């Protein structure tokens, strides 16, 4: 689609953190962006900050509810006619406690958001992208460094992020014949409200507590934008962006 016409994106979990950074980067680049999240006021604040006017659309959405996710896509198509990009970003964590002490409701909440919710959005994106003309689009799933290596006491988050990699690979394969490119961004220690604790000291694999380096979350927004702006003939299947000195590769 001609960039001057304004390609259309949906960003879930767009009211704060990584989702907000991605939405702002896309809006600054001329995209039309439907920003989804639980809080209308937070979504409207992102649009106001972007100064993008009617190129932003706030759509309160509960990604754990398939009907709510369908309504998000329907509202976007009704306003702009198509969806060229889904940044499938919404996610939550669980308390850092030993496995046998993790409440089952917390486990289910993480699975319902990070895995089921991501599937619901992926499913709706396929429905819309297959039917539109020209056909196709791009989906970027938010994985995590935790899609590759766990932190101590993170079984719910880590399990779901490993599962996201399975969604990405399968959807990438199934999307080929429909010109739907599916990739994943794996983020390590972006400075958001959720990750701020890293700068205060968090448990390490050897049992120590250590302060971890953080990076500007807007770097992640630019990474999403880079992936989004690729032609559909090319795909970044996995993109890792992380604070250079964070403990991930090697032995800490």
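Worth pointing out:
- Exposure proxy ranking for 118, 129, 215, based on other Cβ atoms within 10 angstrom of each Cβ and starting from the fewest, stands as 215, 129, 118.
- Estimated inter-spin distance, residue 131 and residue 149, nm [label 7 Å along Cα→Cβ]: 4.4 nm
- Stretching the chain fully between residue 200 and residue 54 yields a gain of 48.6 nm (0.36 nm per residue, less the alpha carbon separation).
- Cα gyration tensor shape for segment 181-252, rounded if a/c is under 1.5, else prolate or oblate: prolate
- Extension reserve of the residue 100-residue 245 stretch, reckoned as 0.36 nm per residue once the Cα distance is removed: 49.0 nm
- Where both bridge residues fall in the chain, DSSP classifies roughly 5% of the beta bridges as antiparallel.
- Euclidean distance of C-alpha centroids, segment 192-231 and segment 121-191, integer Å: 18 Å
- Whole-number Å³ per residue for the convex hull built on Cα positions in segment 57-185: 96 Å³
- Label-point gap, in nm, between residue 210 and residue 176 - each point 7 angstrom along Cα→Cβ: 4.1 nm
- Estimated translational D of segment 14-113 in µm²/s (Stokes, Kirkwood radius over Cα pairs; 25 °C; 0.890 mPa s): 168 µm²/s
Values quoted throughout were computed directly from the atomic coordinates according to the rules given, and no laboratory measurement underlies them. All values reported here derive from a predicted model rather than from experimental measurement. All Cβ positions, glycine included, derive from the backbone under ideal geometry; neighbour counts span all protein chains shown.
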